[in-house]
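*Asks:* Below is a structure I'd like to ask you about.
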Amino acid sequence: MKTRAAVAFEAKKPLEIVELDLEGPKAGEVLVEIMATGICHTDAYTLDGLDSEGLFPSVLGHEGAGIVREVGAGVTSVKPGDHVIPLYTPECGKCKTCLSGKSNLCTAIRATQGKGLMPDGTTRFSYKGQPIFHYMGCSTFSNFTVLPEIAVAKIRDDAPFQTSCYIGCGVTTGVGAVTNTAKVQPGDNVIVFGLGGIGLNVLQGAKMAGANMIVGVDINPAREEWGKKFGMTHFVNPKDVDGDIVQHLVALTDGGAEYTFDCTGNTTVMRQALEACHRGWGTSIIIGVAEAGKEISTRPFQLVTGRNWRGTAFGGAKGRTDVPKIVDLYMDGTIQIDPMITHVLTLDEINKGFDLMHAGESIRSVVVF
Ligand code: NAD
Ligand code: AHE
Ligand code: ZN
């Protein structure tokens, strides 16, 4: 079949809207009509050539929602007409990691996914006879895409696509980092670095968890108002701080926070986040994705004296199990999404979504098909 898609033909170039050829689902795969997709900073990072695994030409996008239109042989858990959210972190339920119960990082298809391929080692997309790579196993910047059955979460039919697509990455990552990874407890102090599409969701997760001080840190002054809407109790703009930002935050939180979260992808900020943790027990969670070649560093003394450094992917959420529950939390009003969708675009306008993100003018842009 044919599908309209925004294709990343080259790094650092705008996406091009073209009609691609799409092969139907093979055994264990499903064809999904994408109804809406968010634009996450990770898409921009890959398009900008900063991703070690970035491949071109490819169809980016990993934060979608849509409807199953066809299933391949042997697919039993979803059927045509089901509403689904694609999962860049699938859940096979059978691999060592899934069986361990210790992590959401299912390994069933990770190797081929990182190479832009379906589990059988081929692509379903092509353009003028040339293969086009998949991205994060999702490729939601296409009106239709093919996914492994284990990489879709079935969700309730009454959830609007335009907002619930955000659960495919940003919402689950931010809220899950607090509830699944950090397990923030009532009364804990929290510092969130970077109040964008992920950081605001960390704020709302911290509020849900009953955190005491919820400190937001951002170099964009406009993010102060945004943070306040989602539970932030204190805002710090590092540009307005005289002296050392870490000392400032440690003083503000009476010795450092129980939990800090990096939602910037900046390795200097990651160090600040670790060092703003409370001596003896504070834990810093890295959410931000750093560009190829970057490394983190700190004095080992920071860890010797009891600070912990951790990371999280997709908020530690087990996609097929947890995503439908997050959709329920959104639908019952426990989790807010609508105010964070600042821009709704057509596929033809998708590059504007990247421009808005880089200019700091959007929280989430969503493309509707
Ligand atoms: P975004 O562009 O919406 O937000 C980033 C925010 O960080 C902005 O508000 C920006 O002003 C702020 N910022 C930038 N530099 C800063 C600095 N030096 N100090 C303080 N604030 C600073 O991006 P997003 O979509 O929220 O994504 C945030 C990061 O999380 C990205 O690195 C993205 O790739 C990553 N991410 C990781 C996961 C995961 O599973 N681990 C999932 C989604 C996104
Ligand atoms: N490809 C990059 C790593 C990118 C990365 O860490 N991705 C996160 C999700 S970001 C979503 O917006 C993730 O899930 N990581 C775990 C995984 O298995 O990819 C690189 O450095 O090579
Ligand atoms: Zn993302």
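Where a number appears in this text, it was derived from the coordinates with a stated rule and is not lab data. The structure displayed is predicted, hence computed values, not measured ones. Because the Cβ atoms are built from the backbone with ideal geometry, glycine has one as well, and the counts that use them run over all protein chains shown.
*Asks:* Given a Förster radius of 30 Å and the C-beta distance between Gln247 and Trp281 as r, what FRET efficiency does 1/(1 + (r/R0)^6) yield to the nearest 0.05?
*Replies:* Efficiency computed from Cβ-Cβ geometry: 0.95.
*Asks:* Roughly what % of Cα-Cα distances in the range 173-312 sit above 23 Å, to the whole percent?
*Replies:* Beyond 23 Å sits 23 percent of the P(r) for the range 173-312.
*Asks:* OK, next. Could you tell me the center-to-center distance, by alpha carbons, between the range 198-222 and the range 273-291 in angstrom?
*Replies:* 14 Å
*Asks:* For Lys154, give me every one of the aspartates and glutamates with a C-alpha distance below 16 angstrom, ignoring sequence neighbours fewer than eight places off in its own chain.
*Replies:* Glu29, Glu33, Glu63, Glu70, Asp82, Glu91, Asp322, Asp328
*Asks:* With a Förster radius of 35 Å, plug the Cβ-Cβ distance of Asp338 and Ala44 into 1/(1 + (r/R0)^6) and report the FRET value to the nearest 0.05.
*Replies:* The formula returns an efficiency of 0.95 here.
*Asks:* Sum up the charges of everything whose Cβ sits under 14 Å from the Cβ of Asp21, counting Lys and Arg as +1 and Asp and Glu as -1, but leave Asp21 out.
*Replies:* +2
*Asks:* If the convex hull of the alpha-carbon atoms of the range 115-156 is projected onto planes in all directions, what is the mean projected area in square nanometres?
*Replies:* Taking a quarter of the hull surface, the average projection is 3.6 nm².
*Asks:* Which of Lys2/Lys94; Lys228/Lys294; Lys26/Lys94; Lys102/Lys294; Lys96/Lys207 have a Cα-Cα distance over 24 Å?
*Replies:* Lys2/Lys94; Lys228/Lys294; Lys102/Lys294; Lys96/Lys207
*Asks:* So for the range 1-158, Kirkwood radius off the Cα pairs, Stokes-Einstein at 25 °C and 0.890 mPa s: how many µm² s⁻¹?
*Replies:* 158 µm²/s
*Asks:* Here's a follow-up. Loop by DSSP (not H, G, I, E, B), at most 14 other beta-carbon atoms within 10 Å: where is the longest site-free stretch of the chain for trypsin sites (Lys or Arg not before Pro)?
*Replies:* After excluding every exposed loop site, the longest remaining stretch is 184-278.
*Asks:* Next up: How high is the relative contact order of the chain, given as a whole-number percent (alpha carbon pairs under 8 Å, six or more residues apart)?
*Replies:* 18 percent
*Asks:* Please report Tyr135, Tyr88 as a ranked list, fewest other C-beta atoms within 10 angstrom at the top and most at the bottom.
*Replies:* Listing Tyr135, Tyr88 from fewest to most nearby Cβ atoms yields Tyr88, Tyr135.
*Asks:* Please build a GNM for the chain, connecting alpha carbons under 10 Å apart, and tell me which residue among Leu356, Leu195, Leu203 fluctuates the most.
*Replies:* Among Leu356, Leu195, Leu203, the largest GNM mean-square fluctuation belongs to Leu356.
*Asks:* Determine the equivalent ellipsoid of the range 292-369 by diagonalising the alpha-carbon gyration tensor, then write out the semi-axes as square roots of 5 times the eigenvalues, largest first, rounded to whole Å.
*Replies:* 33, 22, 12
*Asks:* Which parts of the range 34-62 would a label at Thr268 reach, counting a residue when its backbone N lies under 20 Å from a point 7 Å out along Cα-to-Cβ?
*Replies:* Correct set: 45, 50.
*Asks:* Grab the other residues whose beta carbon is less than 11 angstrom from that of Phe56, score K and R as +1, D and E as -1, and report the net.
*Replies:* Overall, the nearby charge balance is 0.
*Asks:* Set the Förster radius R0 to 25 Å, insert the Cβ-Cβ distance between Thr107 and Thr76 as r into 1/(1 + (r/R0)^6), and round the FRET efficiency to 0.05.
*Replies:* Plugging the Cβ-Cβ distance into 1/(1 + (r/R0)^6) gives 0.70.
*Asks:* How about the range 1-80: which GluC sites (Glu not before Pro) there lie in a loop by DSSP and see at most 16 other Cβ atoms within 10 Å?
*Replies:* Sparse-neighbourhood loop GluC sites (Glu not before Pro): Glu10, Glu23, Glu53.
*Asks:* Rounded if a/c is under 1.5, else prolate if a/b is larger than b/c, else oblate: which is the chain, with a ≥ b ≥ c the root eigenvalues of its Cα gyration tensor?
*Replies:* Verdict is prolate for the chain.
*Asks:* So what's the net charge close to Thr89: Lys and Arg +1, Asp and Glu -1, counting the other residues with Cβ under 11 Å from its Cβ?
*Replies:* Once all neighbours under 11 Å are counted, the net charge is +1.
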